[in-house]
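First the structure, in the form of structure tokens, and then the observations on it.
The values are calculated or read from the model by the stated rules, or taken from the named source; none is laboratory data. Computed from a prediction, not measured in an experiment: that's the story for all the values here. Backbone-built Cβ (ideal geometry, glycine too); neighbour counts: all protein chains shown. We work out accessible area using only protein heavy atoms, side chains counted, and drop any ligands, DNA or RNA first. Shrake-Rupley method; radii C 1.70, N 1.55, O 1.52, S 1.80 Å.
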Amino acid sequence: MRWTRVLNVVGCHAEGEVGNVITGGIGDVPGGSVFEKRLYLERELDNVRKLVLFEPRGAAVQNANIIVPAVDPQAQLGYVILESTEYPAMSGSNTICVATVILETGMLPMSEPVTELVLESPAGLIRVECQCADGKVTRVRFVNQPAFVYHVQQHIEVPGLGTVTADIAYGGMTYALVDAESLGFKLSPDEARDLCVAGQQIKTAADEQLVAVHPENELIKGITQTEFMGPLRRTEDYLTARNAVIVSPGRVDRSPCGTGTSARLAAMHRKGQIAAGQRFVHESIIGTTFDSYVESTGTTGEYPSVVTSVAGQAWITSMGQIGLDPSDPFPQGYTLSDTWLRAL
């Protein structure tokens, strides 16, 4: 072989959502914080994201993460999240994958029954508690950066759908939160393609009509996801609901979505539907779940905010390398609208 780039990649998924972890082959990524490292990767090394995520090596349903040295002295390691169309500040399912890979591959020592980590994400420090047994991470709970609501019950004019009412909330990415039943959706797997089409239409219209700029980092801006919310159900011990998050450029998150869960908790708390310390079990379109809480309340800029914790499990699926032959005609991959909704 005569590869000009070799990446060491650990395959992983969290509750069904693929979040592969690049553990070597990137080299130095400059930056005075992991957020600055994210900007450098986006500006100077975006070919890596495309190589890993675009066809023929990747697929529309995959994410990836690059392990980088932490800058903040409180953190042991950092990570940058790569998705199909963006570098999000934070992702819950990817965080669960990263923590699992770090411990199960021995990048950091595992202590049983609990290993505590501090990881530096582009959004800031993420404190992680990992339940461990027999060399396996059986549960990961992360404490997210604050989540908050930009807009409550805003009317959005969506071509082809009419007026759609949505909350706009940040949980590490910014979501248009829409009641699924109001658009005739039951959030069943056979609706996935229709959800994707509608979700992209809503996200695009919301981003055009509403302003969403993080009050503490103006580079975290825009509405990039739609979250279709199923009805909230109350049991004796906890609240629960189903959801489907549409990840650009148009596919359903297989997991219950960690940052989407944080955004929904912020909206629920804003409306008085959940109190601090109350349990919320969020279910994905394929039936997997994340267990979550509002841990505390505060303010972020001018917005009332909540600090949330979200828990789930990840599984390593493969270990290998991705390489680039210099004669390969697709060094940055390609996309087609049959699976990506549009060619990128």
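Before moving on, here are some points about what is shown:
- In terms of its Cα atoms, the stretch 1-114 spans 40, 33, 30 Å along the principal axes, sorted from long to short.
- Considering only His13, Ala147, Val281, the residue lying farthest towards the positive end of the dipole of the chain is His13, judged by Cα position with unit charges set on Cβ.
- Rounded FRET efficiency, nearest 0.05, which uses the C-beta distance separating Leu45 from Gln321 and R0 of 25 Å: 0.90
- Inter-label distance, nm, simple model (7 Å from Cα along the C-beta direction), Ser337/Tyr238: 4.2
- Virtual paramagnetic centre 7 Å along Cα→Cβ of Asp328, amide N under 20 Å, in the stretch 1-30: 1-12, 19-28
- Residue by residue, the stretch 71-88 carries 3J(HN,Hα) couplings of 9, 5, x, 6, 9, 7, 8, x, 8, 10, 9, 10, 10, 4, 10, 7, 10, x Hz when phi is fed to the Karplus relation 6.51 cos²θ - 1.76 cosθ + 1.60 (θ = phi - 60°); x denotes Gly or Pro.
- The coefficient of translational diffusion for the stretch 132-228, derived via Stokes-Einstein from the alpha carbon Kirkwood radius under 25 °C and 0.890 mPa s, stands at 165 µm²/s.
- Most tightly packed first, judged by the mean number of other beta-carbon atoms within 10 Å of their residues, the peptides 91-100, 143-152 read 91-100, 143-152.
- No Cys partner within the rule (Cβ under 4.7 Å), the chain: Cys130, Cys132, Cys196, Cys257
- In a simple Cβ point-charge model (Lys, Arg +1; Asp, Glu -1; nothing else charged), the chain has a dipole of about 200 debye relative to its Cα centre.
- With only the Cα atoms considered, the chain has a convex hull volume of 135 Å³ per residue.
- The mean sequence separation of alpha-carbon pairs under 8 Å and at least six residues apart, normalised by the residue count of the chain, gives a relative contact order of 21 percent.
- The local environment of Cys257, defined by Cβ-Cβ distances under 10 Å, has a net charge of -2 under the rule Lys, Arg +1 and Asp, Glu -1.
- Take the stretch 302-344 with all the other protein chains still there, run a 1.4 Å probe, and you get 55 Å² of accessible area per residue.
- Cα-based shape type of the stretch 71-154, given that a ≥ b ≥ c are square roots of the gyration tensor eigenvalues and the cut on a/c is 1.5: prolate
- Calculated diffusion of the stretch 122-177, Stokes-Einstein form, Kirkwood radius summed over Cα pairs, 10 °C and 1.306 mPa s, µm²/s: 112
- If you sort the three axes of the alpha carbon gyration tensor as a ≥ b ≥ c, you get a/c of 1.5 or more for the stretch 43-86 and a/b above b/c, which makes it prolate.
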